[in-house]
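Every number here is computed from the coordinates shown, using simple stated rules; none is lab data. What you see is a predicted model, and the numbers here were worked out from it, not measured in a lab.
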Amino acid sequence: MSGVWVFKNGVIRLVENPNQSSDSSHGRRKVLVYLPTGEIVSSYSSLEQILRSLGWERYYGGDSDLIQFHKRSSIDLISLPRDFSKFNSVYMYDIVVKNPNSFHVRDCH
């Protein structure tokens with residue numbers, strides 16, 4: 001994985017090298033799996049529904065290029081690119097770290 005960390009409007013994010021996909025070094029695309037059901041997250045609408053059930057709420061005070069979620073019970077913030085086609089393993093692992101018993105990242109078969 002390569003890229004540059006950019007701090008904009010109070011949010012830090014990784015802008016990846018467009019010449020190298022973060023998953024190309026492993027030769028496989030990654031998928032985010034919701035462990036209780038085994039569901040592969042395939043859209044932001046399904047992800048938002050799951051995150052809401054886990055206590056996350058949409059946060060509208062940040063960068064307009066991002067979809068963000070926060071939990072009232074913590075300082076955590078999940079920031080995702082508005083375009084789901086740019087949702088990659090960096091964002092998936094961020095979700096896993098903040099919800100360790102609910103999500104897992106796997107290779108797409």
Give the lysines whose C-alpha is closer than 25 Å to that of Lys8, dropping any in the same chain fewer than 8 places away, or say none.
Lys71, Lys86, Lys98
Dimensions (Å) - the chain, Cα atoms, principal axes, largest first
37, 36, 20
Once amide H atoms are built 1.01 Å from N in the peptide plane, which residues 5 or more positions from Asn99, or in another chain, come under 5 Å H to H?
none
Provide the gained length on full extension for the span Val11 to Ser85, in nm with one decimal, where the gain is 0.36 nm per separating residue minus the Cα-Cα distance.
24.6 nm
